[in-house]
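A quick write-up on the structure given underneath.
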Amino acid sequence: MSGETAAHAAPKQALMQAADAARHAPSIHNTQPWRWVVRADTLELHAATRRQLRTGDPEGRMMLLSCGTALHHARVALAADGWTHRVDRPAGEPLAVIRAEAHGATDLAAVRLVQMMRVRRTDRRTVTEEPLTDDAVQPLIAAAGTAGIRTHVLNSDQVIELAVLVEQAQKAQAGDDDLRSETADWVGGDRPAGTGIPGSAIPAEPPQTTVAEREFPAPGTLRAGAGHDTAATYAVLYGAGDEPGDWLRAGEALSALWLTAAGNTVTVLPISSPVEVPFTRQALRHMLGDLGFPYLVVRLGHGDPEHAGPAPTPRLDAGQVVEVED
Ligand SMILES: Cc1cc2nc3c(=O)[nH]c(=O)nc-3n(C[C@H](O)[C@H](O)[C@H](O)COP(=O)(O)O)c2cc1C
């Protein structure tokens, strides 16, 4: 008992481990646009703006969603380690400060989510013909709700509308030479080691989908499956505000939804192009009946059992994203 107390007298070790666990978090183009500063009993989250997509994401919307996924990963890791904590969200930098408070019982639900961090993937294979039941979708909505973010599941007419919006967004993006060159820097091409999307996560040929997947500069090697994803569920994460703090929370919600989905063998594919392009973002907002601001679209379903899922994507070393202060 006394050993345990001594081992946890200083939370610094747990905070370092939490920052390390957050390296598994998903991010736009696998840019991992975060940086952590570990102090005696606090962990600060900063945006690593040098890995921001300056052309595709000038406002930092997707960068902050990505930082939010890392924040949620770190919090789950701390809870799994038995630490209660508080999060302060100063306006600006740091984006968030996690303060370890007390060490107590391990949170078993969090332990399960930590296990999912290693197996969760962005799955660009087509989904099977078996639709998700309401029982499968509700826990995902509830998980996103823990971060204060709502999830709207699209009906079949709205899925068609979404398909049109994604096509329009991708067309607008395809006509932008600077954007194409920026994307090529992160997908294949000359990019910092430990970042970007490898060919093994990109379909070898365009999968048959109602809503088009993101167009990458070159085909990859992932076998996407021959089916058509007519049974996929599409949902929009949305909320009341459209400020940086809202985007951070949306990222936390995405992480909560995704880790829960991974534990229930539900695959997730984020579709961000209709949010990245201002006029389709506005149209998506109207589709939500102006109830809130859209943050991200996700496609949900069951992975194709005929083909192996994507291999893990690379990550930066802890030394590149975690700074430990004396
Ligand atoms: C905010 C956000 C937006 C994303 N948008 C897309 C997208 O539009 N299309 C896509 O194929 N993947 C998208 N992704 C998935 C990332 O490319 C993926 O997380 C990253 O490459 C790391 O791979 P992993 O998720 O398998 O670990 C997005 C991820 C995040 C966090």
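Couple of notes before you dig in:
- Annotation for the range 229-326: GluC sites (Glu not before Pro) lying in DSSP loop with at most 10 further Cβ atoms inside 10 Å of their Cβ are E325.
- Loop-located GluC sites (Glu not before Pro) in the range 127-182 (DSSP state not H, G, I, E or B) with no more than 14 neighbouring Cβ atoms inside 10 Å: E129.
- Rounded to 10°, Cα long-axis angle of helix 244-263 versus longest principal axis of the chain: 90 degrees
- Tensor-based shape of the range 23-144 (alpha-carbon gyration tensor, a/c under 1.5 rounded, otherwise prolate or oblate): oblate
- If you sort D317, D57 by accessible surface, 1.4 Å probe, largest first, the order is D317, D57.
- Percent accessible area from carbon and sulfur atoms, the chain, protein chains only, probe 1.4 Å: 52 percent
- Å² of accessible area per residue within the range 78-132, as computed with a 1.4 Å probe and no ligands counted: 52 Å²
- Rounded, prolate or oblate (a/c below 1.5 giving rounded, otherwise prolate when a/b exceeds b/c) for the range 134-301 by Cα gyration tensor: rounded
- Between 0 and 90 degrees, the angle of helix 134-145 with respect to the longest Cα principal axis of the chain falls at about 50 degrees.
- Projecting the Cα positions of S272, T233, A253 onto the charge dipole of the range 228-303 (unit charges on Cβ atoms of Lys, Arg, Asp and Glu, taken about the Cα centre) puts T233 furthest along the positive direction.
- Once the gyration tensor of the Cα atoms in the chain is diagonalised, the equivalent ellipsoid follows with semi-axes of 32, 21, 20 Å, ordered largest first.
- When you filter the GluC sites (Glu not before Pro) in the range 30-116 for DSSP loop state and at most 15 other Cβ atoms inside 10 Å of their Cβ, you are left with E59.
- Placing +1 on the Cβ of every Lys and Arg and -1 on the Cβ of every Asp and Glu, with nothing else charged, gives the chain a dipole about its Cα centre of roughly 420 debye.
- Centroid-to-centroid separation of the range 89-157 and the range 179-235 [C-alpha atoms, Å]: 22 Å
- Value of [θ]222 nm, deg cm²/dmol, for the chain, DSSP H segments ≥ 4, -39500 (n - 2.57) each, nearest 500: -12000 deg cm²/dmol
- The long axis of helix 12-21 is offset from the longest Cα principal axis of the chain by roughly 10 degrees.
- Accessible-area rank, largest first, for K171, K12: K171, K12, with all protein chains present and a 1.4 angstrom probe.
- Each residue was assigned an accessible area with a 1.4 Å probe, and for F216 the value is about 40 Å².
The values are calculated or read from the model by the stated rules, or taken from the named source; none is laboratory data. Every value quoted in this text rests on a predicted model; they were computed, and no experiment measured them. Virtual Cβ from ideal backbone geometry, glycine too; neighbours counted across all protein chains shown. These accessible areas exclude ligands, DNA and RNA; they are computed on the full protein's heavy atoms, side chains included. Shrake-Rupley method; radii C 1.70, N 1.55, O 1.52, S 1.80 Å.
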